[in-house]
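Inspection log for the structure reproduced underneath, given as structure tokens.
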Amino acid sequence: TTAECPSYGEDAGISLPAPTVGKEITLTAGGTVNCVFMNTFVIVDEETEADLGVAININTGSANPGQTVIYTVQVTNSGPDTAAGVVVTSLVPAGLTYVSDDAGGDYVSGTGEWTVGSLSSGITETLKITVTNNAPAGTNVQSTASVTGTTTDDNNANNSANVTLVSTAGGGGGS
């Protein structure tokens with residue numbers, strides 16, 4: 001006599017040991033078959049993805065030597081997932097002297113690193129860095145900001161930005 005376990009959802013009241021599940025077996029007269037149905041779950045660790053972007057601006061396009069200038073650095077996560085390990089680098093360039101920032105200790109002026117950490121989708125964080133212009137008049141001072149994170153970011157086109165300050169000999173717009 002041969003017996004086969006029923007399809008999932010049928011109640012045959014029989015079970016087979018795991019190695020014979022779904023296989024045909026041969027019974028001797030008076031034998032019984034027990035089928036056990038087990039659910040198998042596969043956990044898929046989906047890769048998270050975020051689109052980080054950075055922008056840098058200054059409160060004036062030109063400043064006299066000795067004037068204060070404020071840089072605004074913004075990092076945005078356009079999603080779709082939360083970005084982890086977000087770090088923005090914006091080192092104060094030669095010709096400018098660091099005065100202060102509003103990052104509450106998360107910006108290190110010596111390395112230019114601003115540790116943002118996690119950044120939810122759709123969120124923008126802002127850092128303001130105050131500097132003094134010490135560049136000689138007629139000098140262009142370029143500042144750059146870049147962003148990295150540990151979450152996959154397939155759009156690197158918006159991961160760095162720059163802005164130029166012109167050091168002037170008069171009529172600059174600093175504060």
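So that you can scan it fast, the table gives a plain yes or no per residue for (1) under 12 Å from Q67 (Cβ atoms); (2) in contact (Cβ under 8 Å) with a residue 60 or more places away in the chain:
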{"site": "L127", "(1), (2)": "no, no"}
{"site": "A135", "(1), (2)": "yes, yes"}
{"site": "G138", "(1), (2)": "no, no"}
{"site": "Q142", "(1), (2)": "no, no"}
{"site": "G149", "(1), (2)": "no, yes"}
{"site": "A157", "(1), (2)": "no, no"}
{"site": "A161", "(1), (2)": "no, yes"}
{"site": "L165", "(1), (2)": "yes, yes"}
Exactly one of T144, T139 is within 16 Å of G61 (Cα to Cα), open to solvent by 50 Å² or more (accessible area, probe 1.4 Å) and at pLDDT 95 or above, and that one is T144
Do we find a residue being at pLDDT 95 or above and either among the aliphatic types (A, V, I, L, M) or over 32 Å from the mean Cα position of the chain (by Cα) (or both) anywhere in the range 1-23?
-> no
The correct count of residues that are hydrophobic (A, V, I, L, M, F, W, C), under 29 Å from T152 (Cα atoms) and more than 18 Å from the chain's Cα centre (by Cα) in the range 98-142 is 3
Here the qualifying pairs (Cβ atoms under 6 Å; residues six or more apart or on different chains; first in the range 98-116 and closer than 20 Å to G53 by Cα; second assigned to a loop (DSSP other than H, G, I, E, B) and open to solvent by less than 70 Å² (accessible area, probe 1.4 Å)) come out as G112/S90; W114/A103
Taking first residues from the range 78-89 that are closer than 21 Å to S109 by Cβ and open to solvent by less than 10 Å² (accessible area, probe 1.4 Å) and second residues anywhere that are assigned to a strand (DSSP E or B) and acidic (D, E), the pairs with Cβ under 9 Å that are 6 or more apart or on different chains are V86/E125; V88/E113; V88/E125
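The values are calculated or read from the model by the stated rules, or taken from the named source; none is laboratory data. Values in this document were obtained by computation on a predicted structure and should not be read as measured data. Don't worry about glycine lacking a Cβ; one is built from the backbone with ideal geometry, like all the others, and counts go over all protein chains shown. The accessibility values were calculated without ligands, DNA or RNA, using every heavy atom of the protein model including side chains. Shrake-Rupley method; radii C 1.70, N 1.55, O 1.52, S 1.80 Å.
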